[in-house]
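Read the figures in this text as sums done on the coordinates, not as results from a lab. Keep in mind it's a predicted model, so treat the numbers as computed, not measured. Neighbour counts are summed over all protein chains in view; Cβ atoms, including those assigned to glycine, are modelled from backbone coordinates with ideal geometry.
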Amino acid sequence: MSDSALQASQLSMARYLRNPGQYPPPAGIEPRRLRIYERLVYNNIEGFISGGFPVLRTLYEDAAWHALVRAFIDQHRCHTPYFLEISQEFLHFLMHDYPLQADDPPFIAELAHYEWVELALDISEEVLPAPVALGDILAAPLQLSPLAWLLSYRYPVHRIGPAFRPTEAAAPTYLVVYRDRGDKVGFIELNAATARLLELIRDNAGATAGALLAALAEEMGQAREPILAYGEEQIRQLAERTVIMRPASPHPPTPPE
């Protein structure tokens, strides 16, 4: 078989496997073998997507779910060969290329993103730095954990399930999803003030917690003292959950000789 003929055969096979209902099978291959290949490709991809988005899967009847997966396989061109990154490719498809159908909830992309974040943090190879005592909280410089993601959604994605399917966006939902030192992934629902505080900490270039809280008070048009008291307690709780931490000193003191 010439190179051009081989390429044509491979493209024919790929089109068929992506959408066997639309494209004819390549010539010269036994139907039984084609069905094996077809089931193998589809079942592997569908299994990774179902496993990566378990809540989303529960919101669909079987026929609608498989139509969604078929649309992904047929229409999306993946940019990675790794099975573990199929979830990220599926999320990209939902966020950028997929037009909502009658069976789709309006929050499909946001829920998928939230579930993907949980998976991404679970498998992340990022390592938490060694713990450093906060000491005087207001005098401490703070940083967001490398395993904590600050998120904002139009829908309360952390509450969505078969028994709760909002049809319209409401007030913004603020969450921080994190992985702790025991490698357990969790989330905390935040109010707008705490979400903004975490945003300031995430973007912090070395300012102390007291300075960040003073900036937050000024932004909110509130008196400084109540915000300092509120923020100190929030910081303590978030540090206990390994969401924020004090960075290690770049130049530890030299022990006395």
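Observations on the model:
- In summary, the convex hull built on the alpha carbon positions of the range 1-139 has an orientation-averaged projected area of 13.6 nm².
- Neighbour-count ranking [beta-carbon atoms within 10 angstrom, fewest first] of Val157, Val132: Val132, Val157
- Ordering Ile201, Ile36 from the fewest to the most neighbouring beta carbons within 10 Å gives Ile36, Ile201.
- Per-residue Cβ neighbour rank within 10 angstrom, fewest leading, Thr242, Thr167, Thr58: Thr167, Thr58, Thr242
- Full extension of the segment from Glu85 to Glu168, taken as 0.36 nm per residue of separation minus the current Cα-Cα distance, would add 26.9 nm.
- For the pair Gln75 and Lys184, a Förster radius of 35 Å applied to the C-beta separation gives a FRET efficiency near 0.45, rounded to the nearest 0.05.
- Val55 paired with Tyr23, simple spin-label distance in nm, labels 7 Å along Cα-to-beta-carbon: 3.5 nm
- FRET efficiency, 1/(1 + (r/R0)^6) with R0 25 Å, evaluated for Val127 and Ala207 via beta carbons: 0.50
- Here the mean projected area of the convex hull built on the C-alpha positions of the range 129-251 is 8.8 nm².
- Options (1) 1.04; (2) 1.12; (3) 0.99 - which one matches Rg/Rh (Cα atoms, Kirkwood Rh) as calculated here: (2)
- Ordering Leu17, Phe48, Ser4 by Cα displacement along the dipole of the range 1-86 toward the positive end leaves Ser4 in first place; charges were set at the Cβ atoms of Lys, Arg (+1) and Asp, Glu (-1).
- Low-density loop positions, trypsin sites (Lys or Arg not before Pro), the range 54-95 - DSSP coil, at most 13 other Cβ in 10 Å: Arg77
- Within the chain, helix-based [θ] at 222 nm, where runs of 4 or more DSSP H residues each add -39,500 (n - 2.57), nearest 500: -15000 deg cm²/dmol
- Candidates per GluC sites (Glu not before Pro) in the range 87-177, loop by DSSP, up to 14 other Cβ within 10 Å: Glu125, Glu126, Glu168
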